[in-house]
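What follows is a set of notes on a single structure, which appears directly below.
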Amino acid sequence: MQEFAAILNRLSIAVQFAMVMCLLGYFLLLWRMVKLREVRLWTLAWLADAVALAAVFIHAYAAIPPFGHRISLVLYLAGKAAFAILIVAGARLHLRPGVEPRISLPIFTIFIFGWSLVLGLAVPNLWQGQLAESALVGLVLLGGGITVLRHPRSSVSRWLGWAMLVEGVVFLNSAALLAPALWGNKLGFNYFNYSSFIDSLAELMLALACIAVIADRREELLHYANRELLQSQQRLSRLVDTDPLTNVSNRRGLRKAMNSVIETGSSFIFVDINNFKQINDLFGHQAGDTTLQRLANLIVEQFRPEDHVIRLGGDEFLVIAPGMDQQSARARVAAIRESLKHMTDDCPPFSIAAGIAELSPGGDPASALEEADRRMFAEKRGR
């Protein structure tokens, strides 16, 4: 009977080791494909678990000297402790993606191997060291699972929390089964036969939960990336359609604005600075730029947010005001002229000429634009 139990024990260890190696390979592929920091931590966790199970596998199948059993135990203890801490660190990073996990690699390494060396080499009984390790790993995973369940990012996160709880309970149960070792009692094979198969199922459940969380997080990141791309395209479009000097639309926005008012009708207001060349010649091009900026600001202030203010080039501006009649447009132009009379800053004094044409619903925007331009030049000639 004991011989059969020993064979079953070795078989369960081999199955668990093969499963963890497959999981490690899959997580290594995920590391290359998915650029998430929790993937990196969980991949390292499964690497640590593979090291632990490799030590158990060698202990079960290879003939090694007595001191070699201690070395195998140290590797097992180090691997399992690192596995639990890295799983919890990855879960914490998943819950708070903008916060770096507080794991210093040197301190983490010293703690893991220091703890493992003390347990693996100092305790008089190998099972006593494994008992303490099972209790530590169980409590770490249990605490991490409770944290995830209390603050889940999504419904998928709950799967991870429950999987961590199950794995933690498995380790705590192992610690309970190992408790007789504290009094030097000999353990039978039932512990190994029971724990390896159950631990395999718990680890598989935990791995699947991690993979589900990664898939959910990747979908979330893709949605965020698409939203950022759309916003970047919109910002780029605004930059392309905006005059950098005056911060109003440029000629690229003219066609879009004209097409938008065909059905509603609009007033077309053509505005031009009188004697703009003289301003540049007398005061310099910097003063000319200031003049253009001042006029653009006044036009934006006097017209509505839904009106299209466009710099056509040079000192020419066009306002396309949907649904606005000519009387309202003339009042706004008069307000601009009144503001120009009371300028007190270092902007050179200037005046404007304006032409207003009304587009009826269903009319031709190009004809209205030409009419506003013609009336603006007629006003210039009449000065």
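Let's see how each residue does on (1) out of contact with any Gly (no Cβ under 7 Å at 6 or more places or on another chain); (2) without any contact (Cβ under 8 Å) to a residue 24 or more places away in the chain; (3) surrounded by 12 or more Cβ atoms within 10 Å (Cβ to Cβ); (4) under 25 Å from residue 288 (Cα atoms):
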site: 324; (1), (2), (3), (4): yes, no, yes, no
site: 328; (1), (2), (3), (4): yes, no, yes, no
site: 333; (1), (2), (3), (4): yes, no, yes, yes
site: 336; (1), (2), (3), (4): yes, no, yes, yes
site: 341; (1), (2), (3), (4): yes, yes, no, yes
site: 348; (1), (2), (3), (4): yes, no, yes, yes
site: 355; (1), (2), (3), (4): yes, no, yes, yes
site: 362; (1), (2), (3), (4): yes, no, no, no
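Condition first: modelled with pLDDT of 85 or more and hydrophobic (A, V, I, L, M, F, W, C). Now tell me which residues in region 34-51 satisfy that.
Those that are modelled with pLDDT of 85 or more and hydrophobic (A, V, I, L, M, F, W, C): 39, 41, 42, 44, 45, 46, 47, 48, 50, 51.
On the given criteria, is residue 344 of a type in the set (S, T, N, Q) and outside any helix (DSSP H, G or I)?
yes
Within region 275-323, how many residues turn out to be in a helix (DSSP H, G or I) and at positive phi?
Qualifying residue count, region 275-323: 0.
Which residues, taken from region 262-275, are at pLDDT below 90 and touching a helix residue (DSSP H, G or I) at 6+ places or on another chain (Cβ under 9 Å)?
Hit for region 262-275 is 262, nothing else.
The values are calculated or read from the model by the stated rules, or taken from the named source; none is laboratory data. Computed from a predicted structure; not experimentally measured. Note: ideal-geometry Cβ built from the backbone for every residue, glycine included; neighbour counts use all protein chains shown.
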